[in-house]
Amino acid sequence: MSARDFDCIVIGAGVQGSFTAYHLAKHGKRALLLEQFVLPHSRGSSHGQTRIIRKAYEQDFYTQMMEECYHLWSQLEKEAGVKLYRQTGLLLMGPEKGRDFQLFKNTMHRNKIPTVTLEHAEFSQHIPQVNRYPGDGAIVDTTAGVLYADRALKAAQDVFRSLGGVIKDGEKVTDIKPGPLVTVTTVSSVYRAKSLVITAGPWANTLLSHTGLQLPLQAVKINVCYWRERTPGTYSVENRFPCFIHVEVDGVEHHIYGLPSNEYPGLMKVCYHMGSETDPDERDRQTDRSDIEIVSRYIAARFPGLVPVPAVVESCMYTVTPDHHFVLDRHPSHSNIVIGAGFSGHGFKFGPIVGKVLGELALGQVSSYDLSPFRIRRFPSHSKSAL
């Protein structure tokens, strides 16, 4: 096999692509991981220091996938010799009789996720730093916590390299030619492989256009906000403050979520789970701050120990599907091209299991999981040929 021939090429070295390459290398395959930007970078969706990891979900299939995912994260910790996870618990809040809160609660109970329900009297005793509204329920997923994202991404890439994997960064893909051997042309070289996996985040449709396919993917810019504690440590990991998700907040369309102060001492990460549509190549031109205003009002009402003006605002991108579920599937016309896309702002924690599944599809194997919620055919009006 020449230096430009591989068993599989993976385009996009975010968390999903890096774990796909990692799993392929574990199967003894010669894999190439291509990234358009110089690593590490902050242009996509996988950068930043922290993410929430949780089993609390509205759908059984996500909760069930997370069972194995925790084991795979633990395995990577051992292989890389790096701490990637800190257990904090996840506080889920929302109108007790509301649809979203009940879906979360029922899914957790049905799947026997370890939980603690906080009644009104107990809530102020255990979590005095938050104003709980009348009618709100509160349940804690005790298995949840914080993933150290930048560290995790580097760990997956380091293990991939140690297994003989090849990473080429700063190599933007300019063309893809499908066939029994897929040919991938970059700004500086041409590579061939028996299979191709596309995990390019908001650039997925740009690449898929070379294969005659367009998916209903929307790129949105997220303002990642950090809010100053009035008294340092009030909402800190050391003070045992949990991650949280608040659903159905005062008529707001999307969830608000937060992580305890940790990565920036004295600052707590609290964000709105959506942003404004953007061109991924012009992300920083998108200046809409309406999401920040929503969170500011929320903090003023619910988190008295935070200053309701963001101290730091960073940028990230979500690539969102219409139903907010992932795309994990083979190309409808080219079975040796596999697509992982549309992770909709909640995909990072699934990196190890997504990588495993995409690797299985690239190797022509039967998937470990029922992928029907993630199939392209659920978008019949959007998945036709773009040629």
log10 I(q)/I(0), Debye, Cα-only the chain, no solvent, q = 0.08, 0.10, 0.13 Å⁻¹?
-> -0.41, -0.64, -1.06
For the Cα atoms of the chain, what angle does the longest principal axis make with the long axis of helix 99-110, in degrees from 0 to 90, nearest 10?
-> 80
If you count the DSSP beta bridges with both ends in the chain, what percent of them are antiparallel, to the nearest 5?
-> 70
Of the listed peptides 55-65, 343-353, what is their order by residue-averaged count of other C-beta atoms within 10 Å, with the highest listed first?
-> 343-353, 55-65
Please state, rounded to one decimal and in Å, the Kirkwood hydrodynamic radius that segment 75-165 gives when every pair of distinct Cα atoms enters the mean of 1/r.
-> 15.6
Per residue of segment 364-370, in order, report the coupling 6.51 cos²θ - 1.76 cosθ + 1.60 (Karplus, θ = phi - 60°) as ³J(HN,Hα) in whole Hz, putting x for Gly and Pro.
-> x, 8, 6, 5, 5, 10, 6
For segment 92-151, state which GluC sites (Glu not before Pro) are in a DSSP loop and have at most 12 other beta carbons lying within 10 Å of their beta carbon.
-> E119
Amide proton proximity set for E96, modelled H, under 5 Å, gap of 5+ = D136, G137
Whole-Hz ³J(HN,Hα) from phi, Karplus 6.51 cos²θ - 1.76 cosθ + 1.60, for segment 297-303, glycine and proline x = 5, 4, 5, 4, 8, 10, 10
The alpha-carbon center of segment 64-136 and that of segment 306-326 are separated, in whole Å, by 20
For helix 351-362, report the angle its Cα long axis makes with the longest principal axis of the Cα atoms of the chain; keep it between 0 and 90° and round to the nearest 10°.
-> 30
Using mean Cβ contacts within 10 Å as the protection proxy, how do 183-192, 165-174 order, highest first?
-> 165-174, 183-192
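Any read-out appearing in this document is the output of simple, stated calculations on the displayed coordinates, not a laboratory observation. Note that the structure is a prediction, hence the values are computed from the model and not measured. All Cβ positions, glycine included, derive from the backbone under ideal geometry; neighbour counts span all protein chains shown.
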